[in-house]
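Written below as structure tokens is the structure these notes are about.
The values are calculated or read from the model by the stated rules, or taken from the named source; none is laboratory data. Bear in mind that the values here come from a model prediction, so they are computed numbers and not experimental data. Reconstructed Cβ throughout: ideal geometry from the backbone, glycine too, with neighbour counts over all protein chains shown. Calculation scope for accessible area: heavy atoms of the full protein, side chains included, ligands and nucleic acids excluded. Shrake-Rupley method; radii C 1.70, N 1.55, O 1.52, S 1.80 Å.
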Amino acid sequence: METRAAWINETGGFEIGGTTYDIEIVSFDDQKDPKRAIAGMEKMAQEGIHYVVGPNVDDGAAAVRPVAEANDIMYFPYAFPKELYSPPASNAVLGMIANYQSGPAIYKHLMENEGVKTVAFIAANESDPLSQRDGGVAAAKELGLEVVSDSVTYQVDTTDFTPVLTPVLRTRPDLLVLSGVSPANAPQLIRSARELGFEGLISTETAQDAGVLAEGAGDLANGFISVGGASTPELASPMMNEFVERYTNMFGEYNDESNTKVYALEYILETLKATPEAIDDVDAFKASMDSFSAPNPYMNGDEQLTYVGMTSFGQKRQIAVPLVVNVYQDGAFETMFIARVD
Amino acid sequence: MEQILANGVYLGSQYAMIALGLTLIFALMNVLNFAHGQMYVIGGFVTYTFYGQWGVPFVLALFMSCMTLAVIGALIEKYLFAPVIKGSSREESTMLLAAGIAFLLDALILLVFGEKQRGVPKIVDGVFNWDFRLIMPYDRILICVLAILSIVAFIALMQYTKTGRALRALAQDRTAAQLMGVNVDRYSMIGFALGAMLAGLVGGLLVTITGINLGMGGPTSIKAFMMVMIGGAGVISGAIWGGFILGFLEAFGLAYLSQYGDITYLLIFVSLMIFLAIRPQGLMGKPWG
């Protein structure tokens, strides 16, 4: 967001309703702590801010809901609880693809193309990974997969996963799902699984870092399936490529997952551009979401920025970004398939 | 069962090494070094930088980890702990200082090495597989052997060298050691440096298996304190016992209790509380300290 804001300001600002604005990002680090997230949202309210991107974890996103609703704040969490986006809630807009949307797509693809019949889940003993595991298990069962293991969890500070994985791999699944796995744990889990002789597929519904996988697991990570950022070389427009270049210059290195994060600010600004009164009136913002549409500058072709989510939430409270599923190979991600979410 | 026992030995050897440095510092100075985990993390990052980034041979990178931590440990003792111990008779002063150093090291690690998980190339390829009854990658076997050899070398140093005798004398009775001509300031610094060096050594060894990241420091310290409390604070053999007991508890718990969820550490903590209520000095510690 800071990259995009600096870029807009450098090129003269953003015009809304005939006035050109510089974009100022007010940041607050909630440290994944719900109490701090509430404090952060209250700070935004005190400063008269109506549009917030975040929080990034389930607990924090749920915790800030009363503050956001009481202070007319639209917020764009990267968190998955459905009740945040389903009526009667109306102020939260999911800023990415949820695991209960990407998981079924991945399992279905692997069932049809790789003959996967059995699946095992392992998750860190934290709220986000556990809820993602539960969502994944439900989705897998609905698709007709046999879930052979779903009770094994690990402490998030685990450093050696061999003892953790041993009972899971005894169930000999075709697919091992690392539910909600963090980029720090993924390489160690993959490495331990492969070293224990597991030859099946390994996947996750979270985005990963190719550099971290290369360092931590090397070639053992080849074939690892994960959700990517909202772009691929084929999808990326020149503007997305410029964003990547600017981001890299600003922060030193680029993470594919940042493709997703560029969208929230763009959606907010373009929606405000289409409905200028929404700068101070979030009801106007909400009213415009059903019909809002604008060209997507980050994708090639005639792709549009629109709000989706009718199927998952019963109302349009999710930004439309492509669901990109990647497979890791020799130090980089390759696109496995691309799907869309309503 | 073979796999569980092997996991227990492997975990126990690395845990024992982590606990050794902590208990040494406690024995010598009565300091609960909350920064021990952060020292372990720095050791991992130094090996990562030399071996993983600059291509220096692993053994040399490991040596650099040891030396870096020994210097850091010596400086921390000389310029932070020694003045506080001399100027304050309250034990909580050193505890607060140790906690402050832990936060400081965390911040420095973040600044210097960043927040990302880092890993290094495997030092040995291949996996030992005994008919799928016992699977152990060769690098883990090597690290386990190196850890056990390091423990043996440390015990030998403490038992058979002049420095070791001085350190043991210091641990037994600081005043008596001083009266016998032991340079207390010098050996306190050496002891702290040695404890920090052990943290660096184990960090450097384990980065080849587990990788390293900023967040590992706190949990490592907690586990190290658990091992020390099980074995008896300030007792070298107790730290080794504590490390292996925790390693085996973890290996058995993860194997047999995983179907009930993540309750292994819950039960370990409950067991530790009951154990300490019955035997507060730990397995090898003496009730009088």
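Restricting attention to segment B:124-170, and to residues there that are in a helix (DSSP H, G or I), over 19 Å from residue B:11 (Cα atoms) and of a type in the set (S, T, N, Q), which single residue is most open to solvent (accessible area, probe 1.4 Å)? Here the residue is B:159. Of the candidates B:215, B:285, the single residue that is surrounded by fewer than 21 Cβ atoms within 10 Å (Cβ to Cβ), assigned to a helix (DSSP H, G or I) and either charged (D, E, K, R) or touching a helix residue (DSSP H, G or I) at 6+ places or on another chain (Cβ under 9 Å) (or both) is B:215. Screening residue A:222 with (1) at pLDDT 85 or above; (2) within 14 Å of chain B (Cβ to nearest Cβ) gives one miss only, at (2). Which of the residues that make up segment A:162-181 are more than 9 Å from chain B (Cβ to nearest Cβ) and of a type outside the set (A, V, I, L, M)? The answer is A:170, A:171, A:172, A:173, A:174, A:179, A:180. Take segment A:315-342 and flag every residue that is of a type in the set (Lys, Arg) and open to solvent by less than 50 Å² (accessible area, probe 1.4 Å). Scanning segment A:315-342 gives a single hit, A:317. Criterion applied to A:150, A:128, A:160 was being touching a helix residue (DSSP H, G or I) at 6+ places or on another chain (Cβ under 8 Å), charged (D, E, K, R), in contact (Cβ under 8 Å) with a residue 60 or more places away in the chain and assigned by TED's automatic domain parsing to the domain that holds residue A:212, and the one residue passing it is A:128.
Of the residues making up segment B:1-14, those that are in a helix (DSSP H, G or I) and either open to solvent by 10 Å² or more (accessible area, probe 1.4 Å) or facing chain A (nearest Cβ under 10 Å) (or both) are B:2, B:3, B:4, B:5, B:6, B:7, B:8, B:9, B:10, B:11, B:14.
In segment B:106-121, of all residues being out of contact with any Gly (no Cβ under 7 Å at 6 or more places or on another chain) and within 24 Å of residue B:205 (Cβ to Cβ), the one that is farthest from the other protein chains (Cβ to nearest Cβ) corresponds to B:108.
Hey, can you tell me all the residues within segment A:186-210 that are facing another protein chain (nearest Cβ under 8 Å) and either closer than 21 Å to residue A:253 by Cβ or assigned to a helix (DSSP H, G or I) (or both)? Hits for segment A:186-210 are A:187, A:188, A:195, A:209.
Applying a threshold of 7 Å to beta carbon distances and a minimum spacing of six or more residues, or different chains, the list of pairs starting in segment B:148-174 at a residue that is under 13 Å from residue B:195 (Cα atoms) and ending at one that is in a helix (DSSP H, G or I) and among the basic types (Lys, Arg) reads B:158/B:168.
Residues in segment A:279-314 that are loosely packed, with under 13 Cβ neighbours inside 10 Å and part of a helix (DSSP H, G or I): A:283, A:311. Checked against the criterion of being out of contact with any strand residue (DSSP E or B) (no Cβ under 7 Å at 6 or more places or on another chain) and within 14 Å of chain A (Cβ to nearest Cβ), the candidates B:181, B:164, B:232, B:247 yield just one match: B:247. If you check A:228, A:216 for being within 14 Å of chain B (Cβ to nearest Cβ), touching a residue at least 24 places away in the same chain (Cβ under 8 Å) and touching a helix residue (DSSP H, G or I) at 6+ places or on another chain (Cβ under 9 Å), only one passes: A:216.
Quick check: is even one residue across segment B:24-36 of a type outside the set (A, V, I, L, M) and out of contact with any Ser or Thr (no Cβ under 9 Å at 6 or more places or on another chain)? Yes, segment B:24-36 contains a residue that is of a type outside the set (A, V, I, L, M) and out of contact with any Ser or Thr (no Cβ under 9 Å at 6 or more places or on another chain). The set of residues in segment B:125-146 that are away from chain A (no Cβ under 12 Å) and within 26 Å of residue A:198 (Cβ to Cβ) comprises B:142, B:145. Residue B:187 meets each of the listed conditions (1) more than 26 Å from residue B:110 (Cα to Cα); (2) under 16 Å from the mean Cα position of the chain (by Cα) apart from (2). If you go through segment B:253-273 and keep only what is open to solvent by 40 Å² or more (accessible area, probe 1.4 Å) and facing chain A (nearest Cβ under 9 Å), you end up with B:256, B:259, B:260.
Close contacts from segment A:67-87, counting a first residue that is assigned by TED's automatic domain parsing to the domain that holds residue A:57 and a second that is among the basic types (Lys, Arg), with Cβ to Cβ under 7 Å and a gap of 6+ residues or different chains, come to A:84/A:65; A:85/A:317. Listed here are the strands (runs of 3 or more DSSP E) enclosed by segment A:1-79 that have at least 2 residues being at pLDDT 95 or above and touching an Asp or Glu at 6+ places or on another chain (Cβ under 7 Å), and there are none.
For segment A:132-145, indicate whether the set of residues that are without any contact (Cβ under 8 Å) to a residue 60 or more places away in the chain and at the interface with another protein chain (Cβ under 9 Å from one of its Cβ atoms) is non-empty. Checking segment A:132-145: not a single residue is without any contact (Cβ under 8 Å) to a residue 60 or more places away in the chain and at the interface with another protein chain (Cβ under 9 Å from one of its Cβ atoms).
Whether a residue is over 30 Å from residue A:170 (Cα atoms) and in a loop (DSSP other than H, G, I, E, B) was assessed, and residue B:224 does not pass this test.
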